[in-house]
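Input: a single structure, listed below in structure tokens.
Just so it is clear, none of the values below were taken in a lab; they were calculated from the coordinates. Computed from a predicted structure; not experimentally measured. Positions of Cβ are backbone-derived with ideal geometry, glycine not excepted, and every protein chain shown enters the neighbour counts.
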Amino acid sequence: MPVSKAGINYQYTDSPAKPTVILSHPLGMNLHAWSYLVPELTSNFSVLRYDLPGHGMSAPYDESLETLPAEKLADDLLSLCAELNITQFHFVGTSIGGMLGQQLLVDHNERLLSATLTNTGMVIGSKAAWLDRQSQVLEHGLQEMAGDLVQRWFSKTSVTSYPNLLSQWQSFLAGTDDRSYGLLCAWLGEQDMTNKLTAVSTPVMLIAGQDDIATPTSSLVQLAGKLNTSVVELKSIGHVPSVEASREFSDLVKSFLCEIKS
């Protein structure tokens, strides 16, 4: 896969004259979180998916960075878009990707054709909890912590239905750069979109997982109130519907995007 000037690993299926969909994965995962969705979109859209710094095959954050500015994730994505000559796009983001999507709605709404935000919230967790997570990761390492963390991502139904689910994602998480992951934890602890978001004309779809521990449906309902939209709740699904309910999730996203496109 190609790598950007900033060391971001990405896959871009560029179909001339077709609008672009950008996919932003949850913390600790990588672009493979979208492996089921991409084939469903490529007949109608160009599709860009990428790894966050230190995740997947992307380079880690530079050692000089002690904290991440609030606009860092958006700036990095828009720099990648500039390299690929992408001016406007549909955005799909889960968890931290959904937080990034909220920032795009506030600060770069003119770039968005639509936003699909899943398993996220205007605030995710607490600052103290994220700083504690960062500290634990820097002390013990993700290789040691991956087993416990990954179990929080998926519903019991999903784990039972897909026996290799935990081991596959534990392996991915164990290979993630500890420092980059920690910086993103601290970044999440600082984010609060409560007083920044307002209803927008950009089409927005919100998706929740009924069994999501980290960002329960109530978080999406509060977000929906700000954006004047509704929430689709997927039953017996945890934090990552693109993996756990790949068919239902893909159908929802494709239908939503195609309605806008037409």
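Taking a straight Cα-Cα cut-off under 22 Å and skipping sequence neighbours fewer than 8 places away in the same chain, the lysines within cross-link reach of residue 18 are 254, 261.
For the ranges 140-148, 215-223, 202-210, 59-67, what's the packing order if you count other beta-carbon atoms within 10 Å of each residue, average per peptide, and put the highest first?
So the peptides 140-148, 215-223, 202-210, 59-67, ranked by packing, come out 202-210, 215-223, 140-148, 59-67.
Less than 5 angstrom separates the built amide H of residue 27 from those of 96, 97, all sequence-distant by 5 or more or on a different chain. Sorted largest first, the spans of the alpha carbon positions of the stretch 31-153 along the three principal axes are 44, 30, 28 Å. Under a 5 Å amide H cut-off, with hydrogens placed 1.01 Å from N, residue 234 pairs with 208, 209, 210 among residues at least 5 apart or on other chains.
Sorting 69-81, 14-26 by average packing, meaning the other beta carbons within 10 Å per residue, from highest down gives 14-26, 69-81. Taking P(r) over Cα pairs in 10 Å bins from 0, in percent as the quantity of interest, determine which of (i) 7, 22, 26, 23, 15, 6, 1, 0; (ii) 6, 25, 26, 20, 14, 7, 1, 0; (iii) 7, 33, 40, 19, 1, 0 was computed from the displayed structure. Label (iii) holds the value from this structure. Mean residue ellipticity at 222 nm, helices only, the chain: -12500 deg cm²/dmol; runs of at least 4 DSSP H residues each add -39,500 (n - 2.57), and the sum is divided by the number of residues.
Volume of the convex hull of the stretch 149-189 (Cα atoms only), normalised per residue: 61 Å³.
The local environment of residue 70, defined by Cβ-Cβ distances under 11 Å, has a net charge of -3 under the rule Lys, Arg +1 and Asp, Glu -1.
If you run the Gaussian network model on the chain, springs between alpha carbon atoms under 10 Å, then out of 30, 85, 44 the most flexible one is 85.
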